[in-house]
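A.B. asks: My structure is below; once you've seen it, I'll send some questions.
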Amino acid sequence: MKKMLDLVVTQNDKLNQNYCLIKLTTPDSSPLPSMFPGQFVEVKVDSSPSTYLRRPISVNYVDKATNELWLLVQVIGDGTQKMSEYKQGDIVNLLLPLGNTFTIPSKDSGQELLLIGGGVGTAPMLYLGACLKEKGFTPMFLLGARSKNDLLQLDDFRQYGEVYCTTEDGSFGEKGYVTDHSVLKNTKFSSIYTCGPKPMMMAVAKYANVNKINCEVSLENVMACGFGACLCCVEKTREGNICVCTDGPVFNIEKLTWID
Ligand SMILES: Cc1cc2nc3c(=O)[nH]c(=O)nc-3n(C[C@H](O)[C@H](O)[C@H](O)COP(=O)(O)OP(=O)(O)OC[C@H]3O[C@@H](n4cnc5c(N)ncnc54)[C@H](O)[C@@H]3O)c2cc1C
Ligand code: FES
């Protein structure tokens with residue numbers, strides 16, 4: 001069940017010019033609510049007119065040992081800029097956890113799991129990888145970025161499985177887009193999970209459909225309320241228009257119109 005909570009910032013590390021990793025915990029050491037991979041939080045930034053609406057941010061990781069929630073934030077506009085300026089000890093109001101979750105497969109539905117993240121879409125893939133590992137799977141990760149400097153948290157990902165990378169400028173991993181990577185030609189995957197820019201996810205969905213691979217995508221439609229009231233996150237699906245914030249953000253590609 002979703003809750004509105006004040007959490008305290010324990011750490012805010014600048015990972016590069018555009019990204020920061022914010023760690024938050026409860027002020028009274030009470031356990032964080034249960035959160036599942038694919039879910040997101042709505043962050044109340046402050047009361048200035050440009051950041052009046054909460055900003056949706058994926059659950060990047062939940063560190064049960066330290067009772068910390070991690071948020072990987074890419075600075076885009078005022079809201080994310082303000083988040084990047086959070087200091088240790090700041091109190092942040094969050095609505096959490098929101099949305100549905102990626103499906104953890106059953107053991108007999110296949111073991112070859114590929115998690116594809118592009119840009120800030122790598123954020124939910126870390127927690128998904130951690131949860132899959134906890135369930136006995138060894139997922140593979142395929143992470144795409146413009147250049148080496150934008151590939152983040154690689155050592156964290158490597159704790160849960162093999163990591164493959166592409167960069168558009170060829171500065172790390174294979175040059176090109178994630179869908180060009182040789183691992184897609186060399187391995188027959190049973191499931192693919194993906195989050196990133198829409199054109200990337202559509203290309204992944206097409207690849208999965210042609211190759212008859214089960215595939216879930218996490219949509220990052222622009223959101224305001226985060227709980228089904230404002231209708232600004234609507235996506236057309238085979239079952240009609242749905243709200244990404246409540247019916248998603250995770251969808252099996254069979255439900256979307258992308259592969260029609
Ligand atoms: C379910 C979900 C999970 C997300 N997870 C993360 C995450 O883990 N880390 C992260 O950094 N960001 C994430 N985002 C995107 C993040 O919510 C937006 O970047 C943020 O709201 C922008 O706020 P802002 O005030 O900085 O920029 P604004 O001033 O609100 O917007 C600046 C520009 O970015 C555009 N924009 C705003 N929201 C989005 C969006 N969702 N997608 C594309 N363009 C947008 C606006 O149209 C505008 O042009 C997620 C979005 C969704 C819906
Ligand atoms: S964000 Fe308001 S209905 Fe989805």
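The values are calculated or read from the model by the stated rules, or taken from the named source; none is laboratory data. Predicted, not measured: the structure shown is a model, and the values here were computed from it. Note that each Cβ is placed from the backbone with ideal geometry, even for glycine, and that neighbours are counted across all protein chains shown. The protein model used for the area step is the full one, side chains on, heavy atoms only, and it has no ligands, DNA or RNA in it. Shrake-Rupley method; radii C 1.70, N 1.55, O 1.52, S 1.80 Å.
A.B. asks: Return the pair list, or none, for Cβ contacts closer than 8 Å from residues in segment 200-222 that are within 16 Å of LYS236 (Cα to Cα) and open to solvent by less than 60 Å² (accessible area, probe 1.4 Å) to residues that are among the charged types (D, E, K, R) and assigned to a strand (DSSP E or B), at least 6 apart or on different chains.
C.D. replies: Within 8 Å, the pairs are LEU219/GLU235; ASN221/GLU235.
A.B. asks: Cβ-Cβ under 9 Å, sequence separation 6+ or interchain: first residue in segment 223-244 and among the acidic types (Asp, Glu) and within 13 Å of ligand 1 (Cβ to nearest atom), partner in a loop (DSSP other than H, G, I, E, B) and open to solvent by less than 20 Å² (accessible area, probe 1.4 Å). Which pairs?
C.D. replies: GLU235/LEU219; GLU235/GLY248
A.B. asks: If I filter segment 245-260 down to residues being open to solvent by 20 Å² or more (accessible area, probe 1.4 Å) and within 23 Å of VAL59 (Cβ to Cβ), which single residue comes out as nearest to ligand 2 (Cβ to nearest atom)?
C.D. replies: THR246
A.B. asks: Kindly indicate which of LEU71, LEU95 is over 20 Å from MET140 (Cα atoms), within 16 Å of the chain's Cα centre (by Cα) and assigned to a strand (DSSP E or B). Step through it out loud before you land on a result.
C.D. replies: Details: LEU95 fails: within 16 Å of the chain's Cα centre (by Cα).
Only one candidate qualifies: LEU71.
A.B. asks: Tally time: how many residues in segment 1-18 are of a type in the set (Asp, Glu) and within 21 Å of the chain's Cα centre (by Cα)?
C.D. replies: Residues flagged as of a type in the set (Asp, Glu) and within 21 Å of the chain's Cα centre (by Cα) within segment 1-18 amount to 1.
A.B. asks: For segment 189-248, what are the residues that are among the charged types (D, E, K, R), part of a helix (DSSP H, G or I) and over 18 Å from THR179 (Cβ atoms)? Steps first, please.
C.D. replies: So the first thing to find is which residues in segment 189-248 are among the charged types (D, E, K, R), and the list is 198, 206, 212, 216, 220, 235-236, 238-239, 247.
In the following step, the residues that additionally are part of a helix (DSSP H, G or I) were identified as 198, 206, 247.
Listed by number, the list holds a single entry, ASP247.
A.B. asks: How many of the residues making up segment 227-244 are farther than 19 Å from TRP258 by Cα and near ligand 2 (Cβ under 6 Å from one of its atoms)? Reasoning before the result, please.
C.D. replies: Our first condition is that a residue be farther than 19 Å from TRP258 by Cα; within segment 227-244, this holds for 227-232.
Then keep just the ones that are near ligand 2 (Cβ under 6 Å from one of its atoms); that gives 228-232.
Count: 5.
A.B. asks: Also, I was wondering about something else. Within the bounds of segment 62-85, is there any residue that is touching a Cys at 6+ places or on another chain (Cβ under 8 Å), closer than 15 Å to MET223 by Cβ, of a type in the set (Ser, Thr, Tyr) and open to solvent by less than 30 Å² (accessible area, probe 1.4 Å)?
C.D. replies: no
A.B. asks: Where in segment 1-60 are there strands (runs of 3 or more DSSP E), lying fully within it, with 2 or more residues that are open to solvent by 40 Å² or more (accessible area, probe 1.4 Å) and aromatic (Phe, Trp, Tyr)?
C.D. replies: Values: elements: 3-14, 19-25, 40-44, 55-58.
Correct list: empty, since no element meets the threshold.
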